[in-house]
Structure formats: C-alpha cells, structure tokens
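K.L.:
Next up is a structure, given as structure tokens.
Derivation of every value follows stated rules applied to the coordinates shown; laboratory data play no part. Not measured: the values here are computed from a predicted model. Using ideal geometry, Cβ is built from the backbone for each residue, glycine included, and neighbour counts are taken over all protein chains shown.
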Amino acid sequence: MRDFKAFGASIRGVYHAYARLPNQDAFLIRKNQKGLLLVLCDGLGSKKDSQIGAKKMCESVEKALNAIDIQGCNLGVIE
C-alpha cells in the first residue's frame, strides 16, 4: 500500500451553478499504517446548509471508526 495514491474531486452541478447554490457534497481520504479510509457524503438535494451536514458526517464517520479502533475492535473488511 506504500505506493498507493488516492485523490478526490467534486464539482458543482449545472443546476447548483444556475441557482447559485454551493457544491453540497463532501469526501474524506485518510491513510495510516492500517489502511485507507474513504468516506463520501451526498449533500441531500439542495437543502439549506446540506454541505455542512455532508462535511460533518464525513468527520463523524472518521471519529467513530477511530473510537472503535481505540477499543481494540478489528476494523477489517466487513462483508
């Protein structure tokens, strides 16, 4: 995994640009010695401040997984 690279991008859609709405999607990419975490959150269909909710959800998922890992749970593949 040493040579693995990850990146992300999100663009504001045509309607959002026309309506002067922000891009309301969020993503988070983290890499550590155990692996790679990718979190993608959609912005809830033009609802007010949904970009904040999407960002907070990404952060909450990361925080929850860190808490589970600290407690000694195995964060391997879940099938």
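K.L.:
Cross-chain or 8 or more residues apart, Cα under 26 Å: how many lysine pairs in the stretch 14-70 fit that? Count them up, please.
P.N.:
12
K.L.:
Take S46 and S10, extend 7 Å from each Cα along the Cα→Cβ direction, and tell me the distance between the two endpoints in nm.
P.N.:
Each label point lies 7 Å from its Cα, and together they span 1.8 nm.
K.L.:
Add +1 for every Lys or Arg and -1 for every Asp or Glu among the other residues with Cβ under 15 Å from the Cβ of Q24, and state the total. It would help to have the intermediate numbers written out before the result.
P.N.:
Details: positive: R12, R20, K47, K48, K55, K56; negative: D25, D42, D49.
With Lys, Arg at +1 and Asp, Glu at -1, the neighbours total +3.
K.L.:
Report, in debye and to the nearest 20, how large the dipole of the stretch 14-70 comes out about its Cα centre when Lys and Arg carry +1 and Asp and Glu carry -1 on their Cβ.
P.N.:
Values: 9 positive and 6 negative charges, 19 e Å.
For the stretch 14-70, the charge dipole is close to 100 debye.
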